[in-house]
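The values are calculated or read from the model by the stated rules, or taken from the named source; none is laboratory data. The structure presented is a predicted model; accordingly, all values stated were derived computationally and were not measured. Note that we place each Cβ from the backbone using ideal geometry, even for glycine, and neighbour counts take in every protein chain shown.
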Amino acid sequence: MSYLIDTHVLLWWMDNSNKLSQKEKDVISKSDNLILISSAVIWEIRIKESLGKLKIPSDFFSTIQKGGFQFLSIDAEHTNYLEKLPLYHRDPFDRILISQAILENLTIITHDAIFKKYEVSLLKSKN
């Protein structure tokens, strides 16, 4: 299976947080699964870091690269698809993740309840 992880999920994964369910941890760590990180996630983290809203380790990016994750770039088709998405969610980073997941047939791993309003595949997990 192929998954796209939301920003908070990546940060929790890196912190080995108990906010992630065992099912989420298993899905992310299973070598058979393709786990993608959108450029939007890196962008959001770097913006929050520069604004002083987030502290991340200096080796943040290299840790991701070594973690077996794949990167998903944002392309014109992803951004153009945004016009088809209802404005349930106003966060531009989350909206692009939804667009990417729909167009690339990916399942999103997130704890953001607003994602449920969209016709996008979500990992259903119970903590």
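Taken over segment 65-96, the residue count meeting the criterion of being touching a Leu at 6+ places or on another chain (Cβ under 6 Å) and among the aliphatic types (A, V, I, L, M) is 1.
Just for segment 38-59: of the residues that are in contact (Cβ under 8 Å) with a residue 24 or more places away in the chain and of a type in the set (S, T, N, Q), which one is surrounded by the most Cβ atoms within 10 Å (Cβ to Cβ)? Applying the filter and picking the extreme gives 38. The number of residues in segment 65-96 that are closer than 23 Å to residue 28 by Cα, within 16 Å of the chain's Cα centre (by Cα) and in a helix (DSSP H, G or I) comes to 5.
Across segment 68-92, the number of residues qualifying as touching a Ser or Thr at 6+ places or on another chain (Cβ under 7 Å) and either surrounded by 11 or more Cβ atoms within 10 Å (Cβ to Cβ) or modelled with pLDDT under 95 (or both) comes to 7. Taking the condition free of Cβ contacts under 8 Å to residues at least 60 places away in the same chain, part of a helix (DSSP H, G or I), loosely packed, with under 15 Cβ neighbours inside 10 Å and not hydrophobic (A, V, I, L, M, F, W, C), does residue 62 pass? Spelling it out, residue 62 is indeed free of Cβ contacts under 8 Å to residues at least 60 places away in the same chain, part of a helix (DSSP H, G or I), loosely packed, with under 15 Cβ neighbours inside 10 Å and not hydrophobic (A, V, I, L, M, F, W, C). Applying the criterion of being assigned to a loop (DSSP other than H, G, I, E, B) and of a type in the set (A, V, I, L, M, F, W, C) to the residues of segment 97-127, the residue that is surrounded by the most Cβ atoms within 10 Å (Cβ to Cβ) is 106. Show the residue pairs meeting these rules: Cβ distance below 8 Å; 6+ apart or different chains; first residue within segment 68-84 and farther than 18 Å from residue 3 by Cα; second residue of a type in the set (D, E, K, R) and outside any loop (DSSP other than H, G, I, E, B). Going by the 8 Å Cβ cut-off, the qualifying pairs are 82/95. In segment 23-63, the qualifying residues are those that are modelled with pLDDT under 95 and of a type in the set (S, T, N, Q), and the one that is farthest from the chain's Cα centre (by Cα) is 58. Total residues in segment 82-106 satisfying the condition of being over 24 Å from residue 47 (Cα atoms), in contact with a Lys or Arg (Cβ under 9 Å, 6 or more places away or on another chain) and among the polar types (S, T, N, Q): the figure is 0.
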